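The values are calculated or read from the model by the stated rules, or taken from the named source; none is laboratory data. Remember, predicted model here, so these are calculated numbers, not experimental data. Neighbour counts are summed over all protein chains in view; Cβ atoms, including those assigned to glycine, are modelled from backbone coordinates with ideal geometry. Note: accessible area is taken over every heavy atom of the protein model, side chains too, but ligands, DNA and RNA are not part of it. Shrake-Rupley method; radii C 1.70, N 1.55, O 1.52, S 1.80 Å.
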Amino acid sequence: MSDTESRTDGDAAVTARIRQNLEQTTVEDVGLYVVLLVMAAFYLVPIESGLVTSFKTGTAVIETAPFAPPGPSGFTLAKWQAAVDALLRGMGNSLLYAVPATVISAVVGSLMAYGLTIPNWKQAYKAPLLAIIIAGIFIPYQAVLVPLTQFWSQWVELTSLLSFVWALGIPNDYAGIIELIVTHVAYGIPMCTLLFRTYYTNLSEEMIESARLDGASLRRVYRRIVLPLSGPMFAVVLIYQFTQIWNDLLFTLVLVATESSPAAPVVLILAGLGSSLEGQDFALRMAGAFLAALPTLAVYIFFGDEFAEGVAA
Amino acid sequence: MATLELDSVTKVFQDGNDEIVAVDDVSASVDDGEFLVVVGPSGCGKSTMLRMIAGLESITSGTLSLADRVINDVKSQDRNIAMVFQSYALYPHMSVRENMSFGLEESTDIPDDEIQQMVSETGELLGISELLDRKPSELSGGQQQRVALGRAIVRDPEVFLMDEPLSNLDAKLRAQMRTELQRLQDDLGVTTIYVTHDQTEAMTMGDRIAILNDGRLQQISTPLECYHKPANKFVAGFLGEPSMNFFDVTLQDGVLRGDSFEYPISSDVQANLGDTTDLVLGIRPEDIELVESASGDHDFETVVDVIEPMGDENTVYLQFDPDAGEDAETLIASTDGFTRVPEGDEVIAQIPEDAIHIFDRATGDALHNRSLDDAETIDLE
């Protein structure tokens, strides 16, 4: 009996609370929520439109509004099928350079930042080195395009240097993938170093000193103390670098050039996907765009928790 | 375990073109198994001294030797010294067990199962066995403190360094850990240098205390000797709570003349003073007796200004001349808790001659210290 009673009591309390909340709601509150809803819709409509478009047949694209769902007769998965067929090869190629370049630049950045913060090396050596690294962040892509082609076509000719690899039956277009790895690592190191450095300067100095007194060498301090504590910052750097490298079109255009190449990255193929003399296949382009964006989305979801922690730090 | 020797150790920090002398020509010898407490006000260089011993700061000049081996240029990780930091500095990503085994893994070749055995034994010694699998973030301040201590103990180093290890604990726990640390150090017999700014810790814990001010070693001796026979005015004022009363006086015809009083001294005391006439008279609050009526020339009429009851004792602020207002010279006396002295009352303060200290006003050096004839039970050596 007391059970029912307390439940009614509970219900009454909830109702009272709701009424109280409603009474306290002001015009400003209502206005705020309306603005927030409008903004959310504003940002989400393009994505929603793209997604529904990718499931439409050619006629449905013309006959329905961009944001309206296709309806049963206009629905098809054919465009996704076509996008997968066209892009899968490119996605493989992109992963081939994006993953190594991301990992290498993160590891090198972390080691570099460690050297610039934890050991008590003279500031006179550290400061100029840091200045050079920071300067690297501000060099625009456009400024290096010509030197970059010069470098890879005249100074370091991977196609002839690695001739033994091509002899194994690998198309020599894959030299472009190696060039992309090296270029992206070089370009990514400054930013990675800066991010890790900020994180390492906030590590407890006494903890590092304690580890030194415990008999650990500089290398062991990095391996056993600093590296395990770098998880959140690695998440930030990996997400940042991976997205950057995966989405970059400029270097791939310069270093790989053609979408017909066996080593063509996904961005190159995506750029020409669905456009032909007969016109634009919007549904195919949308499906391709979503497919190409999936890996970056996956990285965010995979490292999301650590990312939040790293950004907060 | 070994003797630690500091010979004219100096540390100079460069700040632009300025030179800051943090530790100035400190010489001291810490015997095997001795517990030395280094005490001084903030910024006196005591932490810098400890960090030099640990190898975390370079030594500008002088030599530091451990067991007759000069270790100035030996890296921290090769000194076999363990340090307990004020912030505990535990490794947050490791469990207590891993925190404690880290040092042994890095500094020795002992096999893993023996290390685990040693960690478990130390855990039992400190009563933290049930915490071994937790992370530092899951421990209270007191428990973290124990882990930090355990991490140092398990390594069985030649020297323990402790940098204000108890200052983050609440008063009750601090008192408890103070006793426990002393007992542990006694059992382990490891040479220990303990830095603190807390004079209770200094007085109660160490075999000897070293008092530092402005980077200079003021005195190094047993706690009681430092208390009763201070080498200078700084030491006299630093030890003791409430601190010693000081009055600027001038010696004239066997009488110490101050602003508010005249204090005749015997020829024995005068013999210690030499030709110096600009002096400072010091008297500890607990040596001042409050009496009913004046009976000699060491008794002075005063008025009670403020009284602070502490329970076991009262701290009484006395004024020689209440009409002088703000500028009136104050005399602080400690009386037992049952003596009731109403504020505003006139009392006679008796300053016994055998309890006075006299310092050179220019140099601060002690010229005459209290006699300890009536305190023969105190073992000063």
**Item:** the stretch A:166-192 versus the stretch B:312-363: alpha-carbon centroid distance in Å
**Value:** 85 Å
**Request:** For the stretch B:132-226, build the charge dipole from Cβ charges (+1 Lys, Arg; -1 Asp, Glu) around the Cα centre, then report which of B:PRO223, B:LEU184, B:ILE211 sits farthest towards its positive end.
**Result:** B:LEU184
**Complete:** Once amide hydrogens are built 1.01 Å from N within the peptide plane, the residues lying 5 or more places from A:THR64 or on another chain with amide H under 5 Å from its amide H are none
**Complete:** Counting only protein heavy atoms and rolling a 1.4 Å probe, one gets per residue an accessible area for the stretch B:197-299 in Å² of 44 Å²
**Item:** Cβ-placed point charges (K, R +1; D, E -1), dipole of chain B about Cα centre in debye, nearest 20
**Value:** 1680 debye
**Fill in**
Compactness summary of the protein assembly as shown: radius of gyration and Dmax from Cα atoms, Å, are 38.4, 123
**Request:** Note down the nm distance, to one decimal, between modelled labels 7 Å out along Cα→Cβ at B:ASP73 and at B:SER293.
**Result:** 7.8 nm
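Can you list the GluC sites (Glu not before Pro) in the stretch A:227-313 that are in a DSSP coil and have 11 or fewer other beta carbons within 10 angstrom?
Here the GluC sites (Glu not before Pro) that fit, given the DSSP loop and packing criteria, are A:GLU278.
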**Request:** Return a whole-number percent for the relative contact order of the stretch A:78-312, with Cα pairs under 8 Å and 6 or more residues apart as the contact set.
**Result:** 37 percent
**Complete:** For the stretch A:46-138 (alpha-carbon point model, no solvent) the Debye-based log₁₀ I(q)/I(0) at q = 0.18, 0.24, 0.25 Å⁻¹ works out to -0.87, -1.12, -1.16
**Item:** Nearest-ten-degree value, helix B:96-107 long axis tilted from longest Cα axis of chain B
**Value:** 80 degrees
**Fill in**
Distribution output for the stretch A:78-312: share of Cα-Cα pairs per 10 Å bin in percent, first bin at 0, values 7, 26, 29, 23, 11, 4, 1, 0
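Could you give the Stokes-Einstein D for the stretch B:280-349 in µm² per second, using the C-alpha Kirkwood radius, 20 °C, 1.002 mPa s? List each step's numbers first, then the result.
Numbers: Rh = 12.3 Å.
Taking Rh from Cα pairs, D becomes 174 µm²/s.
Which FRET efficiency, nearest 0.05, do A:GLN20 and A:TRP121 yield, Cβ-Cβ r, R0 51 Å? Let's see the in-between values first.
Working: r = 62 Å, r/R0 = 1.22.
Once the sixth-power term is evaluated, E becomes 0.25.
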**Asked** Between B:LEU318 and residues 5 or more places away or on another chain, which pairs have amide H atoms under 5 Å apart, with H built 1.01 Å from N, and which residues are they?
**Response** B:ASP305, B:LEU331, B:ILE332, B:ALA333
**Request:** Please tell me the relative contact order of chain B in percent, rounded to the nearest whole number, where contacts are Cα pairs under 8 Å and at least six residues apart.
**Result:** 15 percent
**Request:** With θ set to phi - 60°, apply the Karplus curve 6.51 cos²θ - 1.76 cosθ + 1.60 along the stretch B:264-271 and write out the HN-Hα couplings as whole Hz, x wherever there is a Gly or Pro.
**Result:** x, 10, 6, 5, 4, 5, 4, 4
**Table column - 3J(HN,Hα) (Hz), the stretch B:193-203, Karplus curve with 6.51, -1.76, 1.60, x for Gly and Pro** = 10, 10, 9, 8, 10, 8, 6, 5, 4, 4, 5
**Prompt:** Which log10 I(q)/I(0) values, to two decimals, does the stretch B:4-231 give at q = 0.13, 0.16 Å⁻¹ under the Debye formula with one point per Cα?
**Reply:** -0.78, -1.14
**Request:** Choose one answer from A:ARG17, A:ARG212, A:ARG220: the residue with the largest mean-square fluctuation in a GNM of chain A with alpha-carbon springs under 10 Å.
**Result:** A:ARG17
**Request:** Towards the positive end of the charge dipole of the protein assembly as shown, with charges on Cβ (+1 Lys, Arg; -1 Asp, Glu), say which of B:GLY237, A:SER276, B:CYS44 has the farthest Cα.
**Result:** A:SER276
**Message:** Can you give the log10 of the normalised intensity I(q)/I(0) at q = 0.11 Å⁻¹, computed with Debye over equal Cα scatterers of chain B?
**Reply:** -0.88
**Request:** Would you mind telling me the antiparallel percentage of the DSSP bridges in the protein assembly as shown, rounded to 5?
**Result:** 80 percent
**Prompt:** How far apart, in nm, are the 7 Å Cα→Cβ label points at A:VAL146 and A:GLN280?
**Reply:** 3.4 nm
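Among the chymotrypsin sites (Phe, Trp or Tyr not before Pro) in the stretch A:225-313, which ones are in a DSSP loop with at most 13 other Cβ atoms within 10 Å of the Cβ? Mind listing them?
Working: sites: A:PHE234, A:TYR240, A:PHE242, A:TRP246, A:PHE251, A:PHE282, A:PHE290, A:TYR300, A:PHE302, A:PHE303, A:PHE307; in loops: none.
Sites meeting the loop and neighbour criteria: none at all.
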**Fill in**
Sequence order, the stretch A:55-66: Karplus ³J(HN,Hα) from phi using 6.51 cos²θ - 1.76 cosθ + 1.60, θ = phi - 60°, Hz rounded, Gly and Pro as x, gives 9, 9, 6, x, 5, 4, 4, 6, 7, 9, 5, x
**Complete:** Most fluctuating of B:VAL159, B:VAL255, B:VAL38 in the GNM of chain B (C-alpha, under 10 Å) is B:VAL255
**Request:** For B:GLN218, enumerate residues with amide H under 5 Å from its amide H, sequence gap 5+ or separate chain, H modeled in the peptide plane.
**Result:** B:ILE211, B:LEU212, B:ASN213
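Please report the projected area of the stretch A:219-313's Cα convex hull averaged over all directions, in nm².
Working: hull surface 35.6 nm².
For the Cα atoms of the stretch A:219-313, the hull's average projected area reads 8.9 nm².
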**Prompt:** Just for the Cα atoms in the stretch B:1-60, what are the lengths along the principal axes, largest first, rounded to whole Å?
**Reply:** 41, 22, 18
**Accessible area that becomes buried as A packs against B, both chains, 1.4 Å probe, Å², nearest 100** = 1900 Å²
**Prompt:** Any idea how far the Cα center of the stretch A:266-305 sits from the one of the stretch A:203-256, in Å?
**Reply:** 30 Å
**Message:** With viscosity set to 1.002 mPa s at 20 °C, what whole-number translational diffusion coefficient in µm²/s follows for the stretch A:100-169 from Stokes-Einstein and a Kirkwood radius over Cα pairs?
**Reply:** 139 µm²/s
**Asked** Measuring from the lowest to the highest alpha carbon on each principal axis, how far does the stretch A:10-60 reach, largest first, in angstroms?
**Response** 55, 27, 13
**Message:** Considering all projection directions equally, how large on average is the shadow of the alpha-carbon convex hull of the stretch B:37-97, in square nanometres?
**Reply:** 6.0 nm²
**Request:** Would you work out the charge dipole size for the stretch B:4-231 about its Cα centre, treating the Cβ of every Lys and Arg as +1 and the Cβ of every Asp and Glu as -1, and quote it to the nearest 20 debye?
**Result:** 700 debye
**Complete:** Computed for the stretch A:164-313: size of charge dipole around the Cα centre, +1 on C-beta of each Lys and Arg, -1 on C-beta of each Asp and Glu, debye to nearest 20, value 440 debye
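Can you work out the FRET efficiency for the pair A:THR57 and A:ASP85, with r the C-beta to C-beta distance and R0 = 25 Å, to the nearest 0.05? Working shown, then result.
On the way: r = 17 Å, r/R0 = 0.70.
In this case the efficiency is close to 0.90.
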**Asked** Each label point is 7 Å from the Cα along the Cα-to-Cβ direction; what then is the distance between the points at A:VAL156 and A:ALA41, in nm?
**Response** 5.3 nm
**Message:** Compute a Gaussian network model of chain B, connecting alpha carbons closer than 10 Å, and tell me which residue from B:GLY33, B:GLY337, B:GLY103 fluctuates the most.
**Reply:** B:GLY337
